[in-house]
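Chemist: Below: one structure in structure tokens.
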Amino acid sequence: MSKIEWTNETWNPIIGCSKVSPGCENCYAETMAKRLATINTTDYYRSVVCERAHVDPSGWNGRTSFIEHQLNKPLKRKKPTMYFVCSMGDLFHESVPFEWIDKIMEVIARSPEHTFQILTKRPGRMLEYFSDERDFASDWSFGDKYLEEAIRFKLGLPLPNVWLGVTAENQEQAIKRVPILLQIPAAVRFVSVEPMLGPVDLTHMDSTSESDPGYNALYCGPDDEGDLQTIIDWVICGGESGHNARPMHPNWVRDLQKQCKDANAPFFFKQWGEWGTRWFDFTTKKPVFKMFDSFLRWTQKDWVHKGDVCLSLDGKICKTGGDLKEAKYPVAIMQKVGKHNTGSMLDDKHYKEFPKGGDK
């Protein structure tokens, strides 16, 4: 059982990665890979981390590795299971040959009872792969039993048990990645806003300009029964954990949750991460985030304690009076109290929503 709340198990037939955007800075998988490389039973991780990764800050070496003995893991499990594919890398890393991905897609097609969640920071390669007209499905080895799945995949139709997603830690990455994801047919498309490092507006997808609203990646109008239809079927959100974690502004999460609610899109709030609040409502026990709503309030020094961080709405950490004067308000007062203390309650509710039919 995986500790990742939005899946059941991880499946890592391919390992290894490299950093491509700000969300990669404190990569949990890189840290874990460095540790696994020192253990005899998982020493194959040595091939994807730097030679001295266990004693210096180096981590991923940019290479990937195909782990043959992991390939058939889903075929050995009969109980319907949700698998996070390549949690220790990126299936669409530039060093992964399409032939490796073909082998993984064959196992997925042979496992219709399972659900496979594929998350990438490289949607361009994902689009290239699913747009490729190679005749790979005819080479699959399982005969007529899964012929329908082979034909669907060969024709570029989405397999019903494959969810495709992109990571978008801030608006810049959302604008780069989400439009590419929307070009790829999938049973479920999802966006992981984790670690959330800035505000993300999925209703403004083709522009960074406030004067150009762009298009809404969440909402595409009502269906025949009048219910809202979504283009992005699921949104995951979470703060960063680990020693060097960066804080997440509460209003970023609130706004993203509202976007999902307005579009009838399921919203899964995983965690606050290392940074949260030490204040809780005495009656309801819900977390209370205190904020400065103006520069004047800051000058009164309300609530600030040693170790607190003042986080501007635009993501800048305010360290001086000059910073606060130029800040975008409200400025949140964040405390590094540890992941085990911050939990996953947003105001007075836990959001653990899944796409229709996709509950764990």
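The values are calculated or read from the model by the stated rules, or taken from the named source; none is laboratory data. All of these numbers come straight from a predicted model, not from anything done at the bench. FYI the Cβ positions are ideal-geometry reconstructions off the backbone, even for glycines, and counts take in every protein chain you see.
Chemist: Restricting to the range 71-90, name every residue that is in contact with a strand residue (DSSP E or B) (Cβ under 7 Å, 6 or more places away or on another chain) and not in a loop (DSSP other than H, G, I, E, B).
Modeler: Correct list: Lys73, Pro74, Met82, Tyr83, Phe84, Val85, Gly89.
Chemist: Quick check: is even one residue across the range 15-29 modelled with pLDDT of 95 or more, in a strand (DSSP E or B) and either within 26 Å of Arg177 (Cα to Cα) or not hydroxyl-bearing (Ser, Thr, Tyr) (or both)?
Modeler: yes
Chemist: What number goes with the only condition from (1) of a type outside the set (Phe, Trp, Tyr); (2) closer than 29 Å to His114 by Cβ; (3) not in a loop (DSSP other than H, G, I, E, B) that His93 does not pass?
Modeler: Status for His93: all satisfied but (3).
Chemist: May I ask you to list the residues in the range 97-131 that are assigned to a loop (DSSP other than H, G, I, E, B) and in contact with a Leu (Cβ under 7 Å, 6 or more places away or on another chain)?
Modeler: Arg110, Ser111
Chemist: Is there any pair with a first residue in the range 260-277 that is farther than 29 Å from Ile317 by Cα and touching a residue at least 12 places away in the same chain (Cβ under 8 Å) and a second that is surrounded by fewer than 24 Cβ atoms within 10 Å (Cβ to Cβ) and of a type in the set (D, E, K, R) whose Cβ atoms are under 6 Å apart and which are 6 or more apart or on different chains, and what are they?
Modeler: Pro266/Glu353
Chemist: Determine which member of the set Arg35, Arg63, Arg77, Arg46 is among the basic types (Lys, Arg) and assigned by TED's automatic domain parsing to the domain that holds Gln173.
Modeler: After ruling out the rest, the residue left standing is Arg77.
Chemist: Among the listed residues Arg77, Arg52, which satisfies the condition of being at pLDDT 95 or above, over 21 Å from the mean Cα position of the chain (by Cα) and of a type outside the set (Asp, Glu)?
Modeler: Checking each option against the conditions leaves just Arg77.
Chemist: Given the conditions (1) closer than 25 Å to Lys339 by Cα; (2) not assigned by TED's automatic domain parsing to the domain that holds Met196, report the number of the one that Val85 does not fulfil.
Modeler: With respect to (1) closer than 25 Å to Lys339 by Cα; (2) not assigned by TED's automatic domain parsing to the domain that holds Met196, Val85 is out only on (2).
Chemist: Can you tell me which condition Ala109 does not meet? The list is (1) small (Gly, Ala, Ser); (2) under 25 Å from Thr41 (Cβ atoms); (3) at pLDDT below 95, and all the others hold.
Modeler: So Ala109 meets the others, but not (2).
Chemist: Show the residue pairs meeting these rules: Cβ distance below 7 Å; 6+ apart or different chains; first residue within the range 163-188 and within 19 Å of Phe116 (Cβ to Cβ) and without any contact (Cβ under 8 Å) to a residue 60 or more places away in the chain; second residue crowded, with 18+ Cβ neighbours inside 10 Å and of a type in the set (Phe, Trp, Tyr).
Modeler: Every condition considered, the pairs that remain are Ala186/Trp163; Ala187/Trp163.
Chemist: Right, next: Within the range 314-335, count every residue that is in contact (Cβ under 8 Å) with a residue 40 or more places away in the chain and surrounded by fewer than 18 Cβ atoms within 10 Å (Cβ to Cβ).
Modeler: Adding up the residues that qualify gives 2.
Chemist: Now for a separate question. Could you check how many residues of the range 178-202 are over 19 Å from Pro355 (Cβ atoms) and surrounded by fewer than 23 Cβ atoms within 10 Å (Cβ to Cβ)?
Modeler: 6
Chemist: Given the range 181-284, what strands (runs of 3 or more DSSP E) lie entirely inside it while holding 3 or more residues that are modelled with pLDDT under 90? Explain how you work it out, then say what you get.
Modeler: Details: elements: 188-193, 219-222, 228-230, 234-238, 267-271.
Output list reads 219-222, 228-230.
Chemist: Right, here's the next one. Can you tell me which residues in the range 80-95 are hydroxyl-bearing (Ser, Thr, Tyr) and either over 24 Å from Leu127 (Cβ atoms) or within 16 Å of the chain's Cα centre (by Cα) (or both)?
Modeler: Answer for the range 80-95, where residues must be hydroxyl-bearing (Ser, Thr, Tyr) and either over 24 Å from Leu127 (Cβ atoms) or within 16 Å of the chain's Cα centre (by Cα) (or both): Thr81, Tyr83, Ser87.
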